[in-house]
Each structure stands twice: as C-alpha cells, then as structure tokens.
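Each remark here refers to the structure printed beneath this line.
The values are calculated or read from the model by the stated rules, or taken from the named source; none is laboratory data. If you're wondering where the values come from, they're calculated on a predicted model, not measured in any experiment. Cβ atoms come from the backbone with ideal geometry, glycine included; neighbour counts cover every protein chain shown. Quick note on the areas: whole protein, heavy atoms, side chains included, nothing else; ligands and nucleic acids left out. Shrake-Rupley method; radii C 1.70, N 1.55, O 1.52, S 1.80 Å.
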Amino acid sequence: MTMQYEMIDNDEALLALVDVLGRKGSALAIDFEEECNLHIYGEHICLVQIFDGERFYIVDTRSHGITVRSLEVLFSLENEKLWFECKSDVSLLFREYGIKVRNVVDLRVYALALGFKYGLGKLKEAYLGLSDDGGKKRHQQANWLKRPISEENIEYALDDVKDLFLLRTVLEAEIEKEGLKKKCDSEMRNVAAVSPAKPGWTKICNVKLLSRDERTYLKNIFEAREKLARRFNTPAVNVLEKKEIVRLAKSVPDTEDSLRKELENAPARYRAFLIIEVWKAIEKARREISGENV
C-alpha cells in the first residue's frame with residue numbers, strides 16, 4: 001500500500017503549504033524526480049518530494065497550475081532542506097527556473113567524509129539496515145512525465161525522502177565520533193552553490209584529446225544536433241549519437257553528397273533535416289577556423 005501523501009498541483013495549494021511549513025520551521029527532506037533526455041528533449045524537473053518528518057507531499061511541477069513564483073517561495077524557506085546528493089538537483093532547478101536553494105544539508109557530504117561512495121540505497125543498507133531491492137534503475141528510467149503517476153512510482157519517489165531524518169541522525173553521530181564535523185560544516189556551506197552550465201559539447205568523452213579544429217567542428221555539429229532534437233522534442237541521441245558527432249568532427253566530409261553518404265544510417269525521420277543542418281554547421285566551422293566573419 002502506498003504511503004499517505006498530499007498531491008500539490010497548483011500555486012494556491014503550494015503557497016498554503018509553504019506557509020504551514022515556514023511557521024513550523026522544521027527541517028524538510030527533499031528530492032526530485034526528473035526527465036533527463038529519455039522521453040523528450042532536455043532535462044526537466046517532474047516531481048518534488050517533501051517529507052517534514054510527519055507528512056509527505058508531492059509537488060507536481062509539470063502541472064500548469066504550478067508556476068515559478070510558488071516554487072521560488074518554497075525553496076526560499078529558511079527551513080533546513082535535507083537532501084542526498086543535491087548537486088544535480090539544485091543545478092537543474094537553477095537552469096530550468098533560475099531558482100537557488102537556501103540552507104541545504106546534503107547527507108552525501110557526510111557519507112563521503114566517512115569513506116562511503118555508493119548511492120542512497122546502499123547507504124541506508126549500511127547504516128540503517130534497510131535492504132536495497134535493486135529496483136532503482138527501473139524507476140530511474142520511468143517516464144516521470146506521464147500522468148497519472150503510478151502508485152508504484154509514487155512509492156519509489158517517497159522512499160527517497162522517508163528515511164533521510166533517521167539517516168542524518170546516524171551519520172552525524174558517526175561524523176562527531178570521527179572528528180569530522182568541522183570539515184563537513186565547511187563543505188556544507190557551499191554544497192548548493194550553482195554556476196552557469198558548461199556547453200554540452202564540452203562534456204563529450206575525450207573532447208580534450210581533439211585538435212582545436214576538430215573541437216570547432218564538434219561544437220558546431222553538436223549544436224546542429226541539439227537544434228533538431230529541440231525542434232522535434234526528442235532525446236538528442238535519437239537524432240545523432242555522440243560517437244557519430246566525434247567521427248564527423250575527426251573526418252569532416254568534403255561535400256554535401258559525401259555527408260549524405262556518411263549519414264545514410266541516421267534515423268529516416270530526421271535524416272533529411274540532419275544533412276541540411278550538419279552541412280550548415282560544417283560550413284560555419286570552416287569559416288570560424290579560417291577566421292572569416294560568421
């Protein structure tokens with residue numbers, strides 16, 4: 001049976017909840033469920049799970065009734081926000097909504113200080129004796145955009161916040177015993193810091209091994225691929241895989257006809273558009289390399 005929770009899908013309900021939580025002032029266990037280029041283009045926050053130690057709440061950020069205004073009020077609360085491995089979540093929150101999070105306690109900081117490098121499931125197993133059922137990957141690949149949300153997925157989402165208070169108590173005792181509190185307090189001050197995202201093409205594996213010219217081609221071809229994926233609202237890998245972008249950057253086709261041959265195995269739905277956009281990208285890269293105005 002699914003844990004009891006309240007679904008929040010409009011600003012009025014969220015602002016009312018924020019008022020209650022703010023007046024209580026207690027810590028909040030928080031986690032996100034996200035769409036990360038599995039079903040549509042880009043990364044999107046789909047759910048915010050909240051546990052105040054007594055009640056569970058799910059904020060449906062995909063609902064048209066939830067706006068940036070109410071989310072900003074939520075994450076501006078002075079209440080401590082208890083997270084596990086907050087970095088990717090708070091970075092996505094900043095990229096998608098321009099919102100920064102205040103007063104975060106990230107249990108990942110404690111785990112790393114204690115030499116524990118595994119995920120939340122293994123951490124709960126080691127310190128709380130709670131077994132990891134191994135179903136995490138299945139739920140991570142779930143379509144969190146789909147409504148209504150299945151009870152099984154809701155159970156999974158809430159499970160990621162329900163034990164954070166107990167886990168904090170246990171880990172902080174260990175940190176105190178090992179004399180690591182000062183070190184952890186120092187790291188915790190900047191744990192939710194965010195900075196502008198690096199361009200996606202810079203994250204491609206081994207990009208630093210490419211020559212300057214190859215990186216110029218890779219950047220432009222990558223951006224052409226992203227433009228098409230955004231237009232069709234499809235995961236970018238469906239349009240062109242990263243390894244193909246690297247291959248084209250390292251061995252640039254001389255003509256549009258030769259490019260057409262190189263892309264003959266690209267998905268039929270995108271192939272014609274891909275040839276046009278990638279050829280434009282190649283020509284743009286050539287102008288950049290030669291120093292021409294672009």
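So the check is Cβ under 7 Å with 6+ separation or different chains; which pairs have a first residue in the range 120-132 that's in contact (Cβ under 8 Å) with a residue 12 or more places away in the chain and a second one that's open to solvent by 60 Å² or more (accessible area, probe 1.4 Å) and assigned to a helix (DSSP H, G or I)?
121/136; 128/166
So which residues in the range 217-229 are charged (D, E, K, R) and either open to solvent by less than 10 Å² (accessible area, probe 1.4 Å) or within 12 Å of residue 270 (Cβ to Cβ) (or both), if there are any at all?
225, 227 - these are the residues of the range 217-229 that are charged (D, E, K, R) and either open to solvent by less than 10 Å² (accessible area, probe 1.4 Å) or within 12 Å of residue 270 (Cβ to Cβ) (or both).
Could you identify the single residue in 24, 81 that is basic (Lys, Arg) and open to solvent by less than 10 Å² (accessible area, probe 1.4 Å)?
Matching residue, one of 24, 81: 81.
Pick from the range 87-122 the residues that are under 16 Å from residue 163 (Cβ atoms) and among the hydrophobic types (A, V, I, L, M, F, W, C): which of them is most open to solvent (accessible area, probe 1.4 Å)?
That would be 116.
Of the residues that sit in the range 1-21 and are open to solvent by less than 50 Å² (accessible area, probe 1.4 Å) and modelled with pLDDT under 95, which one is nearest to residue 55 (Cα to Cα)?
Across the range 1-21, the extreme among qualifying residues is 3.
Given the options 182, 198, name the one that is out of contact with any Phe, Trp or Tyr (no Cβ under 9 Å at 6 or more places or on another chain) and not in a loop (DSSP other than H, G, I, E, B).
182
Residues are listed down the side, and each one gets a yes or a no for (1) open to solvent by 60 Å² or more (accessible area, probe 1.4 Å); (2) at pLDDT 95 or above; (3) touching a Phe, Trp or Tyr at 6+ places or on another chain (Cβ under 7 Å); (4) assigned to a helix (DSSP H, G or I):
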{"site": "133", "(1), (2), (3), (4)": "yes, no, no, no"}
{"site": "139", "(1), (2), (3), (4)": "no, no, yes, yes"}
{"site": "144", "(1), (2), (3), (4)": "no, yes, no, no"}
{"site": "160", "(1), (2), (3), (4)": "no, no, no, yes"}
{"site": "167", "(1), (2), (3), (4)": "no, yes, yes, yes"}
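Can you find a residue that is buried (at least 20 other Cβ atoms within 10 Å of the Cβ), acidic (Asp, Glu) and modelled with pLDDT of 95 or more anywhere in the range 36-48?
No, the range 36-48 contains no residue that is buried (at least 20 other Cβ atoms within 10 Å of the Cβ), acidic (Asp, Glu) and modelled with pLDDT of 95 or more.
Checking the condition within 20 Å of residue 159 (Cα to Cα) and part of a loop (DSSP other than H, G, I, E, B), which residue from 85, 125 passes?
Unique residue meeting the criteria: 85.
Looking at the range 49-78, which of its residues are more than 14 Å from residue 14 (Cβ to Cβ) and either touching a Cys at 6+ places or on another chain (Cβ under 8 Å) or buried (at least 21 other Cβ atoms within 10 Å of the Cβ) (or both)?
Residue satisfying the conditions is 51 alone.
Only one of 208, 280 is surrounded by fewer than 18 Cβ atoms within 10 Å (Cβ to Cβ), assigned to a helix (DSSP H, G or I), out of contact with any His (no Cβ under 7 Å at 6 or more places or on another chain) and modelled with pLDDT under 95. Can you tell me which?
208 is the lone residue from the list that is surrounded by fewer than 18 Cβ atoms within 10 Å (Cβ to Cβ), assigned to a helix (DSSP H, G or I), out of contact with any His (no Cβ under 7 Å at 6 or more places or on another chain) and modelled with pLDDT under 95.
If you scan the range 245-267, which residues turn out to be in a helix (DSSP H, G or I) and open to solvent by less than 80 Å² (accessible area, probe 1.4 Å)?
245, 246, 248, 249, 256, 258, 259, 262
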